[in-house]
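Step one of this worksheet: look at the structure below.
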Amino acid sequence: MRRVMVIAAHPDDEILGCGGTIRKYIDSGDSAQCVILGEGLTSRQDNRDDTDEACLEGLKNQAKSAARTVGYSEVFFNDFPDNRFDSMSILNITRTIEKHIERFRPDIVYTHHYGDLNKDHRLTFEAVITACRPVGEYSVKEIYCFETPSSTEWNFKYGENSFKPNVFIDIEDTISMKLEALKCYKSEIREFPHPRSIKGLEVIAERWGLVVGRRYVEAFELIRKVQ
């Protein structure tokens, strides 16, 4: 049984980026946990403290429902300030991730792409790579970056930091669960043609499917694999 951990900056990223793939792991008898670093929502107010606590709790409940849908055994919330990760020490972010890594000892880690438009995503990647450095007897064997619709493709700074997928997972059998999980995020879901919509996610999966001759696919960039 493989242990898989998804480390996401915000609630819904863990579904948008790899929900179909996670369901495939679960259906194969593997175990998956999710770590959500940021609280979500609070960047929509000028003052973080102006966000209704009931809305934040509601978002966590939505995340829990989405987690049950795709099969995460647990989801952990860390309540970092939404879209304000740069107000924190990268050391603190890294140490938080290290604690989750040491607790679960995953074989495989999925996280954000290093070239995303969203700065919380970029800092999450940096902290994950630091937390997963190969030190001591235990080391994460595989690390993948996922794309986050409305962040990865909206960064128009092309070049070395662009998303360059080289691993493609067929999710034809699990895309329905991914879409059902997104529906749990009633406060985050958008109307098409926004990429964070039900139809938008389906179109994205179809697009990557065309690249490799499949119907529905999630695409990833492999960062490290040890065999």
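The values are calculated or read from the model by the stated rules, or taken from the named source; none is laboratory data. It should be emphasised that the depicted structure is a prediction, and the values quoted were computed from it without experimental measurement. Cβ sites come from the backbone with ideal geometry, for glycine too, and all protein chains shown count toward neighbours.
Consider GLU202 carefully, then state whether it is buried (at least 16 other Cβ atoms within 10 Å of the Cβ), in a helix (DSSP H, G or I) and not basic (Lys, Arg). The answer is yes for GLU202. Scan the stretch 131-169 for residues that are free of Cβ contacts under 8 Å to residues at least 60 places away in the same chain and acidic (Asp, Glu) and the total you get is 3.
Please count how many residues of the stretch 193-227 are among the small types (Gly, Ala, Ser) and within 19 Å of the chain's Cα centre (by Cα). Break it down into steps so the answer makes sense when it comes.
Applying the first criterion (among the small types (Gly, Ala, Ser)) to the stretch 193-227 yields 197, 200, 205, 209, 213, 219.
Within this subset, residues satisfying the condition of being within 19 Å of the chain's Cα centre (by Cα) are 197, 200, 205, 219.
Adding up the residues that qualify gives 4.
For the stretch 209-224, the criterion of being touching a strand residue (DSSP E or B) at 6+ places or on another chain (Cβ under 6 Å), modelled with pLDDT of 95 or more and part of a helix (DSSP H, G or I) is met by at least one residue. Please indicate, with yes or no, whether at least one residue in the stretch 94-113 is outside any loop (DSSP other than H, G, I, E, B), polar (S, T, N, Q), free of Cβ contacts under 8 Å to residues at least 40 places away in the same chain and within 30 Å of PHE156 (Cα to Cα). Scanning the stretch 94-113, I find at least one residue that is outside any loop (DSSP other than H, G, I, E, B), polar (S, T, N, Q), free of Cβ contacts under 8 Å to residues at least 40 places away in the same chain and within 30 Å of PHE156 (Cα to Cα), so the answer is yes.
Conditions tested, residue by residue: (1) within 29 Å of LYS164 (Cβ to Cβ); (2) exposed (fewer than 14 other Cβ atoms within 10 Å of the Cβ).
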position: GLU74; (1), (2): no, yes
position: VAL109; (1), (2): yes, no
position: GLU126; (1), (2): yes, no
position: ARG133; (1), (2): yes, yes
position: ILE143; (1), (2): yes, no
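Among the candidates SER176, SER150, the residue that is assigned to a loop (DSSP other than H, G, I, E, B) and surrounded by 13 or more Cβ atoms within 10 Å (Cβ to Cβ) is uniquely SER150.
With the requirement that a residue be charged (D, E, K, R), touching a Lys or Arg at 6+ places or on another chain (Cβ under 8 Å) and not in a loop (DSSP other than H, G, I, E, B), what does the stretch 78-93 give you? Don't jump to the end; show me each part of the working.
Let us first name the residues in the stretch 78-93 that are charged (D, E, K, R), namely 79, 82, 84, 86.
Checking which are touching a Lys or Arg at 6+ places or on another chain (Cβ under 8 Å) leaves us with 82, 84, 86.
Answer for the stretch 78-93, where residues must be charged (D, E, K, R), touching a Lys or Arg at 6+ places or on another chain (Cβ under 8 Å) and not in a loop (DSSP other than H, G, I, E, B): just ASP86.
Exactly one residue out of LEU37, LEU56, LEU123 is under 26 Å from LEU201 (Cα atoms) and not in a helix (DSSP H, G or I): that is LEU37. Restricted to the stretch 10-35, and to residues there that are among the acidic types (Asp, Glu) and buried (at least 24 other Cβ atoms within 10 Å of the Cβ), the residue that is farthest from the chain's Cα centre (by Cα) is ASP12.
Does GLU188 fit the bill of being among the acidic types (Asp, Glu) and surrounded by 20 or more Cβ atoms within 10 Å (Cβ to Cβ)? The answer is yes for GLU188. Based on this model, can you work out whether ASP13 counts as modelled with pLDDT of 95 or more, charged (D, E, K, R) and closer than 20 Å to THR152 by Cβ? Spelling it out, ASP13 is indeed modelled with pLDDT of 95 or more, charged (D, E, K, R) and closer than 20 Å to THR152 by Cβ.
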